[in-house]
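Report on the structure given below.
Throughout, read-outs are computed from the coordinates displayed, never taken from laboratory work. Given the structure is predicted, the values throughout are model-derived calculations rather than measurements. Note that each Cβ is placed from the backbone with ideal geometry, even for glycine, and that neighbours are counted across all protein chains shown.
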Amino acid sequence: MIGLLSTLLVATLAIDLIAGEPPSRLHPVVWMGSLISKLHGQGRGRAYGALVFAITLLFAWALWLVPYLVLIRDGLFLVLLFALWVYLLKSSFSWKLMRSYGQRIAFALESGDLEAARKLTSEIVRRDLTDADAGLIASAAIESIAEGEVDGLTSPLLYYPLGVLGPLTQRAVNTLDSMVGYPYPPFRDVGWISAKADTVLNYVPARITALLIAAGSFLLGLDWRRSLVIARRDHAKTKSVNGGWPMSAMAGALGVRLVKRGEYELGSGNLPSASHVRLAIRVYDVSVSMYAAMIIALCFFVPFTALVP
């Protein structure tokens, strides 16, 4: 069954681009988030945080293992396993969602509707945009597109050749980090292990993504050399050891300055505009396409047994 992993990934990518996300009530990541919200224990210590981390991972793994055992028992292995695998893999990454947000934010900015642009951008970034102007809104959107490429695509797909548990594990850890992995009270201790695990899992993907953004900018006729230079120069300006790489690479590719007030400035030049948000989506699409093609090619040589426990 050599090549089946590649076939399944192609099918899942197509479903993502056509249909997008499943309804919230049926989304495994939403289930993980609900579990974490019940367990996270604001103000609790690292030991409790480790327990939350372990329970969440076990829950994510059970989403695969329990139905797998049922399918084996009922003798419906291959057909239903295919559907199960596509469903769970789709829940672990998202291509369409981030580009959709970018397009809607760009349209709101082009229409002069800053309130709508602020509201949309606030749904994908952790910052106060109450009085943000168009440049700061566009900056936040572009930063989110670049960093979201790591969290939503590069990282989960990197672990896909290990089997479906690879992307599911990455998604569980990333969800934990987004909900409790804050370096300040009341989450500093309870979210410590989740934040560290997310940093480890995204370490290589973040740097791969910076290179992919530079490669995508080359194919689009943008300044790929500047993308690499800015990524190397500015990546350490962010608190995250990973997030600075893709964001700096995108700032260099677009020739703009990305700003999070009170924290960092990446790149050089003016703040971005709506047209830069749209250009960032193009870089995102091209770089993700190249990466997906590489993973598909790699998985062609991985036997189907990598999918099963």
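For the reader, a short list of remarks on this structure follows.
- Region 9-53: number of residues that are without any contact (Cβ under 8 Å) to a residue 12 or more places away in the chain, more than 16 Å from Arg171 (Cα to Cα), of a type outside the set (A, V, I, L, M) and assigned to a helix (DSSP H, G or I): 2
- Boolean, Leu271 is in a loop (DSSP other than H, G, I, E, B), hydrophobic (A, V, I, L, M, F, W, C) and touching a strand residue (DSSP E or B) at 6+ places or on another chain (Cβ under 7 Å): yes
- Restricting region 90-106 to residues that are farther than 22 Å from Met179 by Cβ and touching a residue at least 24 places away in the same chain (Cβ under 8 Å), the residue that is surrounded by the most Cβ atoms within 10 Å (Cβ to Cβ) is Ile105.
- Residue match in region 193-206 (condition: free of Cβ contacts under 8 Å to residues at least 40 places away in the same chain, among the β-branched types (Val, Ile, Thr) and surrounded by fewer than 24 Cβ atoms within 10 Å (Cβ to Cβ)): yes
- Checking each residue in region 207-237 for being among the aliphatic types (A, V, I, L, M) and closer than 30 Å to Gly43 by Cα picks out only Ala236.
- Exactly one residue out of Leu57, Leu81 is touching a residue at least 12 places away in the same chain (Cβ under 8 Å), surrounded by 12 or more Cβ atoms within 10 Å (Cβ to Cβ) and touching a Phe, Trp or Tyr at 6+ places or on another chain (Cβ under 9 Å), and it is Leu81.
- Checklist (1) more than 20 Å from Ala146 (Cβ to Cβ); (2) buried (at least 16 other Cβ atoms within 10 Å of the Cβ) applied to Gly135, failing item: (1)
- Filter pass, Tyr159 being over 17 Å from Ser94 (Cβ atoms) and not hydrophobic (A, V, I, L, M, F, W, C): no
- Helices (runs of 4 or more DSSP H) lying entirely in region 97-214 (those with 1 or more residues that are β-branched (Val, Ile, Thr) and over 14 Å from the mean Cα position of the chain (by Cα)): 114-122, 134-149, 165-180
- Residue match in region 219-227 (condition: under 21 Å from the mean Cα position of the chain (by Cα) and part of a helix (DSSP H, G or I)): yes
- For the residues Ser217, Ser287, the requirement of being within 21 Å of Leu9 (Cβ to Cβ), touching a residue at least 12 places away in the same chain (Cβ under 8 Å) and crowded, with 16+ Cβ neighbours inside 10 Å singles out Ser287.
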